[in-house]
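Here is the structure we will look at, set down as structure tokens.
The values are calculated or read from the model by the stated rules, or taken from the named source; none is laboratory data. Quick caveat, the model's predicted, so the values are computed rather than measured. Cβ atoms come from the backbone with ideal geometry, glycine included; neighbour counts cover every protein chain shown. Areas reflect the complete protein model, heavy atoms only, side chains present, ligands, DNA and RNA absent. Shrake-Rupley method; radii C 1.70, N 1.55, O 1.52, S 1.80 Å.
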Amino acid sequence: MAHNKDYNKDMVVIIAAVAAVGGLLFGFDTGIISGAIPFLQQNFDLSNSMLENITTSALLGAVIGAMFTGRLTDILGRKRIILFTAIIFTIGALWSGAVTSPTELMAARFIVGLAIGISSFSVPLYISEISPADKRGQLVSLFQLLITIGILASYLTDLAFAKNDVVTSWRPMLYSGVIPGLLLFVGMIFLPETPRWLMSKGRRQEAEKILRRVEKPEKVEIALNEIQNELEKDKQKVKFSEIFRPWLRIPLMIAIVIMFFQQFVGINTVIYYSPKIFMIAGFDGARAAIWGSVSVGLVNVLFTILAIYLVDRWGRRKLYFVGLTGIVIALIALGLSFAFNSSLGQSGKWLTIVFTWIYIAFFAISIGPLGWLIISEVFPLRVRGVGTSIGSLSNWLFNGLVAFTFFKIVKLLTIPGTEIITQEKVYDPAAHNFVMQTINNGNPAGAFWLYAFIGIIGIIWGYFYLPETKGVSLEEIEEHWRKGGKPRELKPKQE
Ligand code: BGC
């Protein structure tokens, strides 16, 4: 075979691994702020609402980043956008660590958020376009693995820098974001543009060269022709509104709704608030906060590794149903452990932590990685940048909504008489110190049952709308929508 020497199966793995560092950056930043918060409060005398503003400014940046850069990735290319993101992130991290006021911190966090928003869709997009069809699921799931490793790494970094008597401990925590930023930048310099984007710009020769490095030799021609065919089908300029064409309604709906379920099963209440949840369950403050988070982070990483193994073997649908069923059961159980918290005594808190592990494990093998994978697969090439960015934007919006409403829902759905009362260390700006306070936490059982209910609707939705994209080329997926095919009926040609 003439070009056999070019084919390098490790190349795909290297490409995906470096690109997935974008996931590391995303996860790292999701987690790092939780450890920085108490120190920020102490250093700047922050009120709770200012704290919320700082957290929300990053989220707002992410929404805006995801919203406005979809078209840019179609115009400038995937590689350039990822490089650009790495630079913004690095600058944002440096700035966050160096700020001198809370308002400045809000601005810096907004910049970091922008970078996270952009990377959260451009990285999976890059990976899915450069991977061969039979490995695409595994390689895009690497992104999720790096998110979870990033979260764990950030908890450990927080642990390493958190010194009770050093009020500026938050600075090294925030500075450390420079490391994933630089890693992504340097790695990406050496990586090629995706063949699919090059073809969309009429650069066939370059596209072919890259395809020869990642696809098996006999598949290169086929892949080139498939991409070409899809591009031929409509040649006019891509307009943003194209994504709203009738034949694209189904993939668009799938991308938004899968992110809705990914967030509304309550994942980030566990990621952001697990220390608090474990404290409410009865573990003693500081130690529980640290080890609870680390253990959840670890289970998340381990089960994401299992997902990578399973995703191109079991396929998307099977993982989705198994995962969501597990999530629903774990949430119901978690609710029960809280509802009967007072009568369970010591065993209650252990049940809580075990159910949380079960919950996170099922999330990690299913809708965690699947959300990002599906949004990178369902859109046709011409609108893929815009489409994935809408998926990602939905993710951030729903994420914000859940984070913002969690404690309010807890309060609203507390069954009278089951309130859990704790003693907590709270920062008192007037006294410039921490004081012990009695806190009525309500009871989160109702909130967890609400998420379980949403999970059940997610299972029913998935039955009708989740496509099995395992082993199907991106071009075949596009063809399926053009023919008006139902999501449930998508199948690989050669099976
Ligand atoms: C979600 C994040 C979440 C993470 C947890 C991701 O897929 O989008 O919101 O924090 O999984 O592992």
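What to note about this one:
- Highlighted here are the helices (runs of 4 or more DSSP H) found entirely within the stretch 310-417 that include at least 2 residues which are more than 21 Å from Ala20 (Cα to Cα), of a type in the set (Ser, Thr, Tyr) and in contact (Cβ under 8 Å) with a residue 12 or more places away in the chain: 316-339, 346-365.
- Check on Pro380, of a type outside the set (Lys, Arg), more than 16 Å from the ligand (Cβ to nearest atom) and in the same structural domain as Phe264 (by TED's automatic domain parsing): yes
- Some residue of the stretch 273-294 being closer than 20 Å to Gly458 by Cβ, within 16 Å of the ligand (Cβ to nearest atom) and open to solvent by less than 30 Å² (accessible area, probe 1.4 Å): no
- Counting the residues of the stretch 207-226 that are surrounded by 15 or more Cβ atoms within 10 Å (Cβ to Cβ), in a helix (DSSP H, G or I) and of a type in the set (D, E, K, R) gives 6.
- If you go through the stretch 442-472 and keep only what is open to solvent by less than 20 Å² (accessible area, probe 1.4 Å) and either outside the structural domain of Pro246 (by TED's automatic domain parsing) or assigned to a loop (DSSP other than H, G, I, E, B) (or both), you end up with Gly442, Asn443, Pro444, Leu466, Pro467, Thr469, Val472.
- Test for Leu336: is it at pLDDT 95 or above and buried (at least 16 other Cβ atoms within 10 Å of the Cβ): no
- Taken over the stretch 473-495, the criterion of being among the acidic types (Asp, Glu) and in a loop (DSSP other than H, G, I, E, B) is satisfied by Glu495 alone.
- Filtered residues of the stretch 357-376 (kept if more than 11 Å from the ligand (Cβ to nearest atom) and crowded, with 24+ Cβ neighbours inside 10 Å): Tyr359, Phe362, Ile365, Ile374, Ser376
- Glu52, sole failed condition from (1) modelled with pLDDT under 85; (2) open to solvent by 50 Å² or more (accessible area, probe 1.4 Å); (3) under 17 Å from the mean Cα position of the chain (by Cα): (3)
- Any hit, the stretch 140-153, residues being crowded, with 24+ Cβ neighbours inside 10 Å and more than 16 Å from the ligand (Cβ to nearest atom): no
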